[in-house]
Amino acid sequence: MPQVVIANRLRDGIVVFLGADRRWMERVQDCAPAISPEDAEKILDLGLQAERDQEVVGPILADVEQRDDGWFPIKRREAIRAAGPTHRADLGKQAED
Amino acid sequence: MYRYDEYDREFVEQRAKQFARQVERRLAGELSEEQFLPLRLMNGLYLQLHAYMLRINVPYGCLNTTQLRKLAHIARVYDKGYGHWTTRQNMQFNWIKLDDMPEILLELASVEMHGIQSSGNCIRNITADEYAGVAADELEDPRVYCELLRQWSSLHPEFSFLPRKFKIAITGARHDRAAVLAHDIGLRLHENDSGESGFEVFVGGGLGRTPFVGKSIRDFVATRDILAYCEAVLRVYNQLGRRDNKFKARIKILVHEMGAAAFAELVEKEYEFIKDGALELAKEEVERIRMHFAPPAYESLPDVSPALESQKAEDTAFATWCKNQLAAHKQPGYAIVNISCTPIGKPPGDIACDQMEALADLADEFNFGELRVTHNQNLVFTDIRKQDLHALWQKLVPLGLSTPNHGLITDTICCPGLDYCALANARSIPLAEKISERFADQERQEEIGEIYLNLSGCINACGHHHVGHIGIVGVDKKNSELYQLMLGGSADENASLGKILGPGFDEDGIVNAVEKVVDTYLEIREEGEKFIDTYRRVGPGPFKENVYRAPA
Ligand code: SF4
């Protein structure tokens with residue numbers, strides 16, 4: 001199962017996803033998931049290092065799947081973080097797309 | 001309402017500046033999240049699913065219009081244009097940026113507000129009857145004691161690191177609107193046989209993982225001794241409350257494990273030791289605080305307003321609103337007005353910045369510049385002249401604040417749930433919206449009558465599901481949301497905890513189940529019998545049978 005590192009950015013709390021070149025991306029579609037469990041461990045380490053470097057808070061791995069418009073979390077909790085509150089399409093990342 | 005003195009002002013400003021420096025150090029990388037966490041929690045700042053969340057205290061639910069305008073300003077400038085009233089009569093903002101916090105706290109301090117002790121293992125915002133000071137059934141205004149307890153509990157050095165959070169609620173009226181039996185300490189003002197006023201003290205109530213109804217440990221504590229007595233309770237808890245297991249650390253577990261009588265005995269011993277000491281309330285001090293809550297300049301008016309009566313006769317929508325939203329006031333010619341922040345199909349307790357500003361204008365025009373937040377996530381205008389009700393209502397209608405559902409099934413209590421909250425198992429807001437839409441028909445709601453429907457997104461019970469007549473709690477089952485249904489809870493003077501009716505439901509299933517519960521009630525109720533009384537009379541049997549009956 002492909003996995004991505006998801007965290008909150010320290011300065012504003014905004015949800016971010018680990019992309020290529022250790023860059024934190026605001027859109028889950030721009031993440032760079034790990035395909036193998038070994039790679040997942042590696043990207044989680046990068047996330048934890050970024051937490052120690054005071055860039056993000058609470059990095060965790062989240063399962064993602066490929067959808068028409070790119071990667072998207074499978075679990076509801078992470079899906080809500082990637083999109084925004086389900087009862088208000090005008091809030092969160094879903095409102096910015 | 002209470003206004004800060006020099007000491008309060010200086011303290012809150014200092015604290016805002018202190019936290020500003022802590023934020024600076026955090027952003028500069030000098031503090032780790034682990035080090036910063038307790039500091040931000042002390043100031044009401046959480047990290048939730050989408051962003052930081054700031055909880056701002058509204059002491060015992062009392063707000064003035066300057067403060068409400070400031071909250072609107074913060075919503076507009078620093079958040080996404082709205083805020084959320086909580087079941088502790090506070091306000092939460094969901095989209096706060098850490099680097100804005102220093103400014104926000106200074107803005108709040110400028111209107112005598114803050115988030116101190118709105119989180120963490122300390123004494124939290126003290127809550128009270130939202131009709132305090134004006135209710136027709138009130139013995140004495142509890143806000144005086146709320147304020148004295150607020151001052152006593154603010155930064156109390158001995159109680160800043162309790163085993164767990166601690167919640168106190170007070171009612172001064174016969175009918176309990178403050179859910180005092182669901183609190184760590186619940187205080188009920190009453191008179192003893194010699195006409196002296198004092199408190200009955202309940203301890204160990206609470207919801208969450210292990211819910212309990214509070215137990216009375218003393219029938220009467222004279223008002224002057226209430227700080228000393230609460231201090232004695234807190235001391236016993238602080239010493240003996242468990243610190244090894246977060247889930248067993250609340251006072252309710254201690255009281256349950258040792259028994260209320262044994263707990264009361266220890267409190268009495270401690271109380272013997274400290275009573276008649278520094279915590280005894282001097283008459284002058286009580287009077288000084290009471291001055292802050294002096295009634296506004298009421299006019300002498302006849303209790304019946306002919307204008308109002310004819311407006312009601314002419315306008316049925318207005319008459320419906322009056323029937324549901326008004327409560328009896330102490331002062332002839334005045335009414336207490338409940339303003340619903342839970343419109344049909346909308347998130348319970350959310351309020352937009354434009355609405356806040358418009359309400360501030362209305363409170364200035366009609367309500368002596370003050371208003372109240374309720375634990376049901378609504379607002380109250382406490383002092384409306386009956387002759388002004390129609391004018392007020394006409395202005396509430398275009399604001400979307402005239403929903404006449406007070407105490408009806410769509411007036412749900414609902415926590416933020418999985419749409420915002422990092423601890424949630426399931427979403428709660430969309431479900432509250434669906435139930436509200438299902439019962440949107442006003443006539444049907446009124447036909448059903450008083451039902452408190454309370455909804456939480458996890459067992460922490462911020463949505464008070466155990467004490468809803470109908471309670472719903474979300475659980476997570478293999479990445480799908482499952483909702484459990486409880487019946488028979490109540491938060492008033494006859495408090496009881498709801499019991500789970502049977503297996504849980506998915507989102508559509510729970511809406512149907514609620515409808516079946518209501519239909520069952522309508523079928524079997526006796527003349528004039530409220531839902532909770534029917535349930536108490538017949539028990540869960542008939543409800544269970546209907547809800548779980550296989551489709552024919
Ligand atoms: S009840 Fe659970 S989901 Fe709801 S706000 Fe409280 S902790 Fe969050």
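Where a number appears in this text, it was derived from the coordinates with a stated rule and is not lab data. Remember, predicted model here, so these are calculated numbers, not experimental data. Positions of Cβ are backbone-derived with ideal geometry, glycine not excepted, and every protein chain shown enters the neighbour counts.
Using a cut-off of 12 Å between beta-carbons, work out the net charge of the residues near A:Arg77 (Lys and Arg +1, Asp and Glu -1, A:Arg77 not included). Neighbour charge sum, excluding A:Arg77 itself: -1. Here B:Lys395 is the anchor, and the lysines within straight C-alpha reach of less than 27 Å, apart from those fewer than 8 places off in the same chain, are B:Lys70, B:Lys80, B:Lys312, B:Lys323, B:Lys330, B:Lys346, B:Lys386. Length available on full extension from B:Ala260 to B:Ala28: 0.36 nm per residue minus the Cα-Cα distance, which gives 78.5 nm. In percent, how large is the relative contact order of region B:161-304, given Cα pairs closer than 8 Å and 6 or more residues apart? It comes to 19 percent, rounded to a whole number. Cα centroid separation, region B:403-459 to region B:57-79: 24 Å. Cα centroid separation, region B:268-344 to region B:208-247: 28 Å. The distance between label points at B:Asp354 and B:Asp315 comes to 2.1 nm (points 7 Å beyond Cα on the Cα→Cβ vector).
If you wrap region B:230-331's Cα atoms in a convex hull and average its projection over all directions, what's the area in nm²? Mean projected area for region B:230-331: 12.8 nm², to one decimal. The Kirkwood radius of the protein assembly as shown, taken over pairs of alpha-carbon atoms, gives through the Stokes-Einstein law at 10 °C and 1.306 mPa s a diffusion coefficient of 61 µm² s⁻¹.
Relative contact order of region B:338-392: 37 percent, from C-alpha pairs under 8 Å at least 6 residues apart in sequence. Taking a ≥ b ≥ c as the square roots of the eigenvalues of the Cα gyration tensor, region B:345-493 is classed as prolate, since a/c reaches at least 1.5 and a/b is larger than b/c.
When only Cα pairs under 8 Å and 6 or more residues apart are kept, what is the percent relative contact order across chain B?
RCO, chain B: 13 percent.
Across every direction, the projection of the convex hull enclosing the Cα atoms of region B:413-547 has a mean area of 7.7 nm².
Judged by a Cβ-Cβ distance under 4.7 Å, the unpaired cysteines of chain B are B:Cys62, B:Cys122, B:Cys146, B:Cys230, B:Cys322, B:Cys341, B:Cys353, B:Cys414, B:Cys421, B:Cys458. Round to a whole angstrom and tell me the spacing of the C-alpha centers of region A:72-96 and region B:351-391. Taking the Cα centre of each part, region A:72-96 and region B:351-391 sit 34 Å apart.
For region B:134-155, the residues whose amide N sits under 17 Å from a probe point set 7 Å from the Cα of B:Leu301 along the beta carbon direction are B:134-136.
Only DSSP H runs of four or more residues enter the estimate; each adds -39500 (n - 2.57), and after division by the residues of the protein assembly as shown the mean residue ellipticity at 222 nm equals -11000 deg cm²/dmol. Between the beta carbons of B:Asp193 and B:Glu268, assuming R0 = 25 Å, the FRET efficiency works out to 0.75 to the nearest 0.05.
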